[in-house]
Structure formats: C-alpha cells, structure tokens
1. Sorted from largest down, what three extents in whole angstroms do the Cα atoms of the range 1-71 have along their principal axes?
2. Along each of the three principal axes of the Cα atoms of the range 80-177, give the extent in whole Å, ordering the values from largest to smallest.
3. Just subtract the alpha-carbon distance of residue 24 and residue 124 from 0.36 nm times their residue separation and send over the number in nm, one decimal.
4. Hey, could you get me the Stokes-Einstein D for the range 1-155, Kirkwood radius over alpha-carbon pairs, 25 °C and 0.890 mPa s, rounded to whole µm² s⁻¹?
Ligand SMILES: [Zn+2]
C-alpha cells in the first residue's frame, strides 16, 4: 500500500470511529514528508495534520485563500518547489475543503467589502475573478491546481501530486486526484507539455507568454543578498545623488554551537487567561 492509500484508509477508519486507526510512519520513510496546500480557513487548524494521520514534522503546510494555484510558475508554485527541493518533500497534496468561503463569495460582495475597507473599485485589478482565482466548485479548483503543479517545470515528474477535499465538519477525506495513477500513465514528450486550458486572463497570459522557461533570466544572487551586505543598515540612495561606495564587509562571526546535551527550545508565550465576564462580552 502506498502512502496516500494508507492515509485514506486510516482516515476512513478513523471517521468510522476506529480508535486504533493510524499510519505506521516507519513504513513510509521514502514517501515523507508530505507537502500540502490548503486554504487559510481557521477551521482547518484543528484538522491538520491529524486527518492525514501524519506527525507534524512530516507535514509541510502551505496555505493561501482558497488553496488556489494561478499558474505553473506562480508564487505558490515557487513555495511548493522549494518545499520539495530544500525541505525534502516527496509527495504533494492540494487539499480543498467543503463550505469554502472563497467559493461562496461573489464579485459584487468582494467589491463591496473592499469598499468598506476604503478601497474603491478602480484601485482593484480589472478582472477580479481571474486575479483572485475565485472558483465555483471546490473539487474543480483542486483538479485545476493539481493540473498546474503537474505541468509546472519547477516540479519534476517523480513527485506524485494528489488532489483531495476534506469535510470541514467530520475531517473525512475524498481523494479527487490520485497522483500515483497520473504518474503511471504514459507521459507526454517533454516538448508536448501544454498549459491547462483556462478561460480568461490567467490562461491567456500563460499561453500568450509562450512559456519558455529556458529563456527566463534569474538574478544570480539571493533576494536580499547584495555585495557587502554584512551591515544591517539600509541606505536608500537619493535620486540624482552620486552612488556612495559600498561599506567594507565586516567578517561574520561563526554561529554559536548549541549548548551540549540540550536541544534548543523556542519559548512560547503563556496562555492568555480569560477573566470572568470576558467570555460573554466577546459575543
Ligand atoms: Zn476555504
């Protein structure tokens, strides 16, 4: 049984009341950790990673409003790719949820709520549906996201990409896209990779760009990394002023080793106590 087959099996048993349902993590060392993209809905906080029967350290959690992917090289795709390349993620899951508020919101409600925040319509992108990626079906949104990941040049063909929908009430998972099945199918020739057909601006932009990844230029230094950046101060050059010479680099001291025999513990603040009466006033 492969990882997500075991996860779905454990989830089905747990939802049915089997208190012993779970996963033998040691059996899946080659398929962990899992990289998951979910919605920002706070109701999901209590569900993950428990409904997947995964321990926290094997669960790399990415979130955005509506678990939406807008293209094969979007900013969320960048995070998914780095989660695999830097954090060692072995399988990806896009997990939508029932009763997603992003699905229920209409464009006129969106415009109205922005106006309530003092943001007028003319300051918003022209095509709000495309820009915010609002969708009409949780399942279709998940399928579209999986398609984008599958076709992204940033995600190799070896990573299974699954699509699931979780019931926000019960935690029950529905396996909408089986990433193992997709990988098992005969693959298209590399030159035959096509972008998913999408209506509207997103698809047009992606298709119109011709999408030749090889032609893209990337800066060779990391973001935030500049020559002589050892000083913490930031100086903004005045327009028209002659550029000042970069400050001499200060040698960086090596990081201190952790104290012997003790793991470094990040302190967390003490829980905030509710005073009598506060609870009622919160409404
Ligand atoms: Zn949601």
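1. Taking max minus min along each principal axis of the Cα atoms, the range 1-71 gives 36, 28, 20 Å.
2. Answer, in whole Å and largest first: 45, 33, 21 Å.
3. Roughly 31.1 nm would be gained on extension.
4. 143
Since every read-out is calculated from the coordinates, none of them should be taken as a lab result. Small disclaimer: the values here were computed from a predicted structure and weren't measured.
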